[in-house]
1. Name the single residue, out of those in the stretch 223-241 being of a type in the set (D, E, K, R) and crowded, with 22+ Cβ neighbours inside 10 Å, that is farthest from the chain's Cα centre (by Cα).
2. Contact list please: Cβ distance under 8 Å, first residue in the stretch 278-296 and in contact (Cβ under 8 Å) with a residue 24 or more places away in the chain and of a type in the set (D, E, K, R), second residue more than 14 Å from the ligand (Cβ to nearest atom) and in a strand (DSSP E or B), pairs at least six apart or on different chains.
3. Could you identify the single residue in 226, 233, 220 that is of a type in the set (Gly, Ala, Ser), more than 29 Å from residue 69 (Cβ to Cβ) and either more than 10 Å from the ligand (Cβ to nearest atom) or touching a helix residue (DSSP H, G or I) at 6+ places or on another chain (Cβ under 9 Å) (or both)?
4. Filter the stretch 115-134 down to the residues that are at positive phi and surrounded by fewer than 24 Cβ atoms within 10 Å (Cβ to Cβ) and list them by number.
5. Take the stretch 8-45 and flag every residue that is under 24 Å from residue 82 (Cα atoms), hydrophobic (A, V, I, L, M, F, W, C) and not in a loop (DSSP other than H, G, I, E, B).
6. Among the residues of the stretch 46-64, are any of a type in the set (Ser, Thr, Tyr), on the phi < 0 side of the Ramachandran plot and part of a helix (DSSP H, G or I)?
7. Can you report the number of residues in the stretch 274-286 which are surrounded by 12 or more Cβ atoms within 10 Å (Cβ to Cβ) and under 18 Å from the mean Cα position of the chain (by Cα)?
8. Under 7 Å between Cβ atoms, at least 6 apart or on separate chains: pull out the pairs that start in the stretch 236-259 with a residue that is in contact (Cβ under 8 Å) with a residue 24 or more places away in the chain and end on any residue that is surrounded by fewer than 16 Cβ atoms within 10 Å (Cβ to Cβ) and not in a loop (DSSP other than H, G, I, E, B).
Amino acid sequence: MRLPDEAARIAEDIRSMRIRGAGLIARSAVEVLQVVARNSRARDVDAFVGELTDAAGLLLKTRPTAVSLPNGIRYVMHKVSQSKGHAASVAEIQSAAIKATEEFIENTKTAIQRIGEIGARRIRDNDVLLTHCNSSAAIAVMKTAWNQGRKFEVLVTETRPRFQGHLTARELSGSGIPVTLILDDAVRYFMQDVDKVLIGADAITANGALVNKIGTSMVALAAHEAKVRVFVAAETYKFSPETMVGELVRIEERDSSEVISKTEVRKVGPIRIRNPSFDVTPPEFIDLIITERGIIPPLGAILILEEVFGVITPEELREYQTYELHEEE
Ligand code: RUB
């Protein structure tokens, strides 16, 4: 299937990381479905659903770890399959699909705002915070607290190999928040000065583990050792329903050239290079998760999943998915 040009461009931007960060990835993927729905020339309801399902399949291959992406797609496709039963025309199902995409996009924006408000209450005057990578949810918490008049400073890791920390540093300092940029390797060195670690999430599993940018688990380990609290800011559409039935979140491994250039490798000699983009932080190293529904301890993740997705058996989950989520490339 050929995507409309605008949809293909957004899908490529997600794959190549011009669009990145779990929340934005989900919103943009759902935007692709919206463009496909708006541009559809399908002659009947089945053909329309087929077009959306094909687009969903392409999107699922773009970034494997951000669970928000399949959850966003699932939200839309679930609504579409609900209305398929009673849609008399393509126009009807088309408008149901577009409405579902608009709802999801709106919900994600409201969620970030709520997380900002809820999380800001946990930041105190004179706090020294530490953040890793570039999370819009974590940034919303910090900006809200700052705009409410709280005074604090933030240590920001560079986040090799793609330096998303530079984006965070720019955004926070642009709001007037004092920022110190540090090497990823310097986290343990500085941890004794830190009051709270505040990070985002690519996925939260049923047992409350966090999947986030590579290095997050080392930050959390250093925090645990120094008895520094670790707060995670995560919208509920980052919670992974698959993990309720024992599936693992797939960790994306990106090109080795992000770690070392081909020219440098030639100088070094015959070596293997590995570049996992995310890692898993166990729930024992996390104090709380700030969601738009309130603050939960990591072990409360299963309750959020049950509330949002219901208690589901593997069979129901497969049916609910409508297509294979973990398709191999
Ligand atoms: C981004 C990253 C972010 C989470 C949360 O990784 O790990 O911490 O996605 O971000 P990448 P947000 O740059 O590889 O996409 O809170 O904005 O959803």
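1. 235
2. Matching pairs, first to second residue: 287/229.
3. Values: 233 fails: more than 29 Å from residue 69 (Cβ to Cβ); 220 fails: more than 29 Å from residue 69 (Cβ to Cβ).
Testing whether each residue is of a type in the set (Gly, Ala, Ser), more than 29 Å from residue 69 (Cβ to Cβ) and either more than 10 Å from the ligand (Cβ to nearest atom) or touching a helix residue (DSSP H, G or I) at 6+ places or on another chain (Cβ under 9 Å) (or both) leaves just 226.
4. First, pick out the residues of the stretch 115-134 that are at positive phi: 126, 133.
The one that is at positive phi and surrounded by fewer than 24 Cβ atoms within 10 Å (Cβ to Cβ): 126.
5. The answer is 26, 29, 30, 32, 33, 35, 36, 37, 45.
6. Yes, there is a match, as at least one residue in the stretch 46-64 is of a type in the set (Ser, Thr, Tyr), on the phi < 0 side of the Ramachandran plot and part of a helix (DSSP H, G or I).
7. Selection size over the stretch 274-286: 8.
8. If the second residue must be surrounded by fewer than 16 Cβ atoms within 10 Å (Cβ to Cβ) and not in a loop (DSSP other than H, G, I, E, B), the pairs left are 236/308; 239/308; 245/314; 251/276; 253/276.
The values are calculated or read from the model by the stated rules, or taken from the named source; none is laboratory data. Since we're looking at a predicted model, the values are computed, not measured. Note that each Cβ is placed from the backbone with ideal geometry, even for glycine, and that neighbours are counted across all protein chains shown.
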